[in-house]
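The values are calculated or read from the model by the stated rules, or taken from the named source; none is laboratory data. Computed from a predicted structure; not experimentally measured. Because the Cβ atoms are built from the backbone with ideal geometry, glycine has one as well, and the counts that use them run over all protein chains shown. Just so you know, the surface numbers come from the protein's heavy atoms only, side chains and all, with ligands and any DNA or RNA stripped out. Shrake-Rupley method; radii C 1.70, N 1.55, O 1.52, S 1.80 Å.
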Amino acid sequence: MTLAHLLLLNFGLAAYLTGLIWTVQLVHYPGFARVEPAQFEQFHREHSARISWVVMAPMLLELGAAGWLAWEGEALGATARWGQLGLVGLVWASTFFITVPFHNRLARGYNYVVIDGLVRTNWPRTLAWTARAGWLLFLTWRS
């Protein structure tokens, strides 16, 4: 695969995930607060099962593609190669050390404070994916 194709693959995955995270950040997570508490546990269980199909495969593909770009992208320079991979690392760390624990608490039922915390602490993922997509767009355009 050429560097141009590898950049395009990475940009496509980052663009998809960036669009998804902005939808989650501005629409989906704030909407959790509007679910009736009596229905919340079932809602959250269904959400968790369904969102996994939309998020996990692209995240795994992105992780692999970002690692491949870091490994093969010598022409980009060290900052671009490892910086874009670092942003993916930030997303994964934020997901598993911040977002997943909030979801685990919400699995026990409606809690407005936890929902608010989920919305507020999702910003690092939103901004990291946005920065990565923008950076990859620039790198793709430049190459």
> Excluding VAL91 itself, what net charge comes from residues whose Cβ is under 15 Å from its Cβ, given Lys and Arg +1 and Asp and Glu -1?
Replying inline: +1
>> Over the chain, with a Gaussian network built from C-alpha contacts below 10 Å, which listed residue (LEU106, LEU87, LEU26) shows the highest mean-square fluctuation?
In response: LEU26
>> Run through the stretch 42-116 and list the trypsin sites (Lys or Arg not before Pro) located in a DSSP loop whose Cβ has at most 12 other Cβ atoms within 10 Å.
In response: ARG108
> In the full protein assembly as shown, how much of TRP82 is accessible to a 1.4 Å probe, in Å² to the nearest 10?
Replying inline: 130 Å²
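Over the chain, what percent of the accessible surface lies on carbon and sulfur atoms, probe 1.4 Å?
In the chain, the share of accessible area belonging to carbon and sulfur is 69 percent.
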> Hey, what D do you get for the stretch 45-127 in µm²/s if you plug the Kirkwood alpha-carbon radius into Stokes-Einstein at 20 °C and 1.002 mPa s?
Replying inline: 150 µm²/s
>> Per residue, how much accessible surface does the chain expose to a 1.4 Å probe? Answer in Å², no decimals.
In response: 55 Å²
> What number in nm² do you get for the chain if you take the convex hull of its Cα atoms and divide its surface by four?
Replying inline: 8.1 nm²
> What does the helix-only formula give at 222 nm for the chain: each DSSP H stretch with n ≥ 4 adding -39500 (n - 2.57), the total divided by the residues, and the result rounded to the nearest 500 deg cm²/dmol?
Replying inline: -27000 deg cm²/dmol
>> For a quick check of understanding: with a 1.4 angstrom probe and all protein chains in place, what accessible area in square angstrom does HIS5 have, to the nearest ten?
In response: 110 Å²
>> Let me cross-check GLU36: its accessible surface, 1.4 Å probe, with only protein heavy atoms counted, in Å² to the nearest 10?
In response: 120 Å²
> Computed over the Cα atoms of the stretch 17-57, what is the convex hull's projected area averaged over all directions, in nm²?
Replying inline: 2.9 nm²
